[in-house]
Structures are given as structure tokens and as C-alpha cells.
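The structure appears below as C-alpha cells.
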Amino acid sequence: MLNRILVALIGIPLLMMILLKGGFLLLLFVNFIILVGLFEFFKMAEIGGKKPEVRLGYLAGLAIPNIIYFSTVDNLTLIFMPVILLTILLIGKRVLQNKVENSSRDIGITVLGVIYISGLFSHLLLMKNIPNGGKWLLTIQILVWVCDSFAYFTGMGIGRKIFKRGFSSISPKKSIEGSIGGTVFTMLAIYLLNRFLGLFSQDKNIVIVLLVGFLISMVAQIGDLGESMFKREFKVKDSGRLLGEHGGILDRFDSMLFVVPVVYYLLKLI
């Protein structure tokens, strides 16, 4: 319990400052999360019997955020360059080694790790380049916390009372009632945050604001359950122990991995 409190007291203010400030500090943060996240994912995969190409995975994964940050051309297209080169290198290495067994499995898990962690999380750097990018990053993190917290409290209170099955195959403790509770409070939270931070232009209808909150909640929960799906497949309880009782980096940022890219593309559209 003490570990949880200390991590929260130090980590939350620091994270909020980094998201708002951006710049080189955000780049360092993104690189750190990607590096540790890749380590945790590849380690889980190895426990699950897979054999990812770890070194090439690290190289490609760390290339993505740094290319985005230091590039002066269309950043979106550059996300794919390290992934494409990684795929060519992985297949080429197998061909030169004359290896056949489990090639698609091991190449696939390596590329998946890079796209899942680095490709998704690097969107934090892209988000900072849009109007109110810092406010949006902070808002997304707050909404993820709201969704996760109220899904937990609602699930503890009335979970499995109405909908019996829930998400038992992926995460036995997650219930549909909890999911609904998290969604409702996320929609309420984005309405209040928009009034306070002015995230949307004044001509945007309240229905649009609430729909964005609904979408964020749905995607956040998919991100959370997605990581649980991998952990269950690899037969591990937590992605790591870096944050003590809070688990690993992926356990804390699984929802952000999904929500930031979705909101980025949504804001580009509207």
C-alpha cells in the first residue's frame, strides 16, 4: 500500500508536468516508456514460448519516436519506415540463417511488439503538434484514470448483478456493469474538463463532446483488455515489477497506448 501511495504522489504530478510541457522532456519520457514497454512485452513473449528478435526490436522501436521528433517532413509517414525496414531485416536474417521453424511466429511477435508499443505510444509526440496538444494529452490521461477508477468501483459494487458473463475469458474481474460505469463517468468528466480547459471550439455541440468521451472510454477499455489478453496468453500476472504494486509500465499505460492515436486522428478530422 505504501508503495502505491509513493508512486502516485511522485508519479502523477511529474507525469502531468511532462504532458503539459512537452518538448525534449516529453521525448525522453516517450523513449523511456517505449524501451521499458518493449522489454516487458518481449519478456512476456519469451515466457510464453515465443522467441522475438529483441535487439532489432529495440532498435526499430526507439527509432520511431526519435525520427518523429527530429524530422522536419511529414511525420506520419515516418512511423512506418522503421517497421518496414525491421520486417525486411527479420525476414532477411532468417533467410541467410536458412531457418524455417517458427519464422512467422517469431518475426510476427517482434513486429507486433514494435507497432503495439512504439508505433502507438509515439503518437504522444504527434499530439503535441496540434492545437491544445498539451491540454489534450493531460485530458486523455485524466479521462483514462476516470474510466479505470469508476469501472473498478462500479464493478465492485454491482458487477455481475445484471450481466453474468462479463469478460471472463480475458479478465475474470472485469464486468459489463463496470464498463458501463466507466463510460458514463468518462463522458461526464470530458464535459466538465471541456468547460474548464476549452478543448473544443465553442461551436461544437455538446453531443460531439459526449461522443468523444464515449469513444475514449471504449478505446481505453479495449487497450486495457488487450494487454490482459496478451498476459493471459503468455501466462503472466503483471507485465513487470518496475512500479512495485502497480505492476509494470504496460500495466499503467495500456489504455494510453490506444487512446492517444485514436484521439489524434479524430482531432485531425474534426
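Six or more apart or on different chains, Cβ atoms under 7 Å: show the pairs whose first residue is in the stretch 87-102 and closer than 12 Å to Leu56 by Cβ and whose second is assigned to a loop (DSSP other than H, G, I, E, B) and not β-branched (Val, Ile, Thr). That search, which allows pairs on different chains as well, returns Leu90/Glu53. Any residue at all in the stretch 232-253 that's assigned to a helix (DSSP H, G or I) and of a type in the set (S, T, N, Q)? Looking through the stretch 232-253, none of the residues is assigned to a helix (DSSP H, G or I) and of a type in the set (S, T, N, Q). Looking at this structure, is Ile91 surrounded by 17 or more Cβ atoms within 10 Å (Cβ to Cβ), of a type in the set (A, V, I, L, M) and at negative phi? No: the conditions fail for Ile91.
Meeting the requirement of 2 or more residues that are over 26 Å from Ser239 (Cβ atoms), the helices (runs of 4 or more DSSP H) wholly within the stretch 25-108 are 75-78, 80-97. The condition (being buried (at least 21 other Cβ atoms within 10 Å of the Cβ), part of a helix (DSSP H, G or I), touching a residue at least 40 places away in the same chain (Cβ under 8 Å) and among the β-branched types (Val, Ile, Thr)) is satisfied by just one residue among Ile142, Ile117: Ile117. Per this entry, Asp238 is not counted among residues that are acidic (Asp, Glu), in contact (Cβ under 8 Å) with a residue 24 or more places away in the chain and within 30 Å of Phe32 (Cβ to Cβ). When Ser122 is tested against the conditions (1) in the same structural domain as Leu15 (by TED's automatic domain parsing); (2) crowded, with 16+ Cβ neighbours inside 10 Å; (3) small (Gly, Ala, Ser), the lone failure is (1). Would you mind stating whether Val212 is closer than 21 Å to Asn129 by Cα, touching a helix residue (DSSP H, G or I) at 6+ places or on another chain (Cβ under 6 Å) and modelled with pLDDT of 90 or more? No: the conditions fail for Val212. With respect to the stated conditions, Phe150 fails to be over 21 Å from Ile190 (Cα atoms), in the same structural domain as Glu227 (by TED's automatic domain parsing) and in contact with a helix residue (DSSP H, G or I) (Cβ under 6 Å, 6 or more places away or on another chain).
Within the stretch 27-48, the set of residues being more than 27 Å from Gly11 (Cβ to Cβ) and free of Cβ contacts under 8 Å to residues at least 40 places away in the same chain comprises Glu46 only.
All of (1) under 19 Å from the mean Cα position of the chain (by Cα); (2) at pLDDT below 90; (3) of a type in the set (Gly, Ala, Ser) hold for Ser71 with one exception: (1). Taken over the stretch 193-207, the residue count meeting the criterion of being part of a helix (DSSP H, G or I) and surrounded by 13 or more Cβ atoms within 10 Å (Cβ to Cβ) is 3.
The values are calculated or read from the model by the stated rules, or taken from the named source; none is laboratory data. Everything numeric here is computed off the predicted structure, so don't read it as measured data. Positions of Cβ are backbone-derived with ideal geometry, glycine not excepted, and every protein chain shown enters the neighbour counts.
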